[in-house]
Amino acid sequence: MEPTRTGLDQDFCWALLTSGSFGRVALNARAMPVIVPVRYTVGHGRVRVRPPEDAGIDEALAGSVVAFQADGFDDDAERAWSVHVVGRVAGHDGSGFEIVPSVVEGCWLTFF
């Protein structure tokens, strides 16, 4: 049987994001798509991202729009969640940056 997918509201997506600390950021660097694993925190309606020091993405971040994704799995319920955030980069300070969201969406995937 195929997994089912159920959409989640934004408040629940934010709650799920607070339960994690590892995700991925997708951006364009020198006209090429790049996906970077990152540590993150959530607060004040923003995602604060800390990429690895050697990620080499600093130049691509200034004023750009990025996509962020985090996932998790509930072993007891046999379902996974995924939350996607699209937004503008703000507060880039060399040790990390914030994503000011324009889109926050997520889903449950239930496995049978």
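Observations, loosely collected:
- Residue satisfying all of: in the range 67-82; at pLDDT below 95 and closer than 19 Å to Leu27 by Cβ; surrounded by the most Cβ atoms within 10 Å (Cβ to Cβ) among these: Ser82
- Where a residue in the range 1-20 is under 17 Å from Arg48 (Cβ atoms) and its partner, wherever it lies, is surrounded by fewer than 16 Cβ atoms within 10 Å (Cβ to Cβ), with Cβ under 7 Å and at least six apart: Cys13/Glu105; Leu16/Gly72; Ser19/Gly72; Gly20/Gly72
- Unmet criterion (only one of (1) loosely packed, with under 15 Cβ neighbours inside 10 Å; (2) part of a strand (DSSP E or B)) for Leu109: (1)
- Pair list, Cβ < 6 Å and 6+ apart or interchain, from the range 67-90 residues that are aromatic (Phe, Trp, Tyr) to residues that are surrounded by 13 or more Cβ atoms within 10 Å (Cβ to Cβ) and outside any strand (DSSP E or B): Trp81/Leu16
- Scan of the range 37-66 for residues that are among the hydrophobic types (A, V, I, L, M, F, W, C), in a strand (DSSP E or B) and surrounded by fewer than 18 Cβ atoms within 10 Å (Cβ to Cβ), ordered by number: Val65
- Of all the criteria given as (1) assigned to a helix (DSSP H, G or I); (2) over 15 Å from the mean Cα position of the chain (by Cα), the one not satisfied by Asp76 is (1).
- Subset of the range 39-87 [within 11 Å of Gly20 (Cβ to Cβ) and of a type in the set (Val, Ile, Thr)]: Thr41, Val42, Val47, Val83
The values are calculated or read from the model by the stated rules, or taken from the named source; none is laboratory data. Everything quoted here is computed from the prediction, not taken from an experiment. Methodologically, a virtual Cβ is constructed for each residue, glycine included, from the backbone with ideal geometry; neighbour enumeration extends over all protein chains shown.
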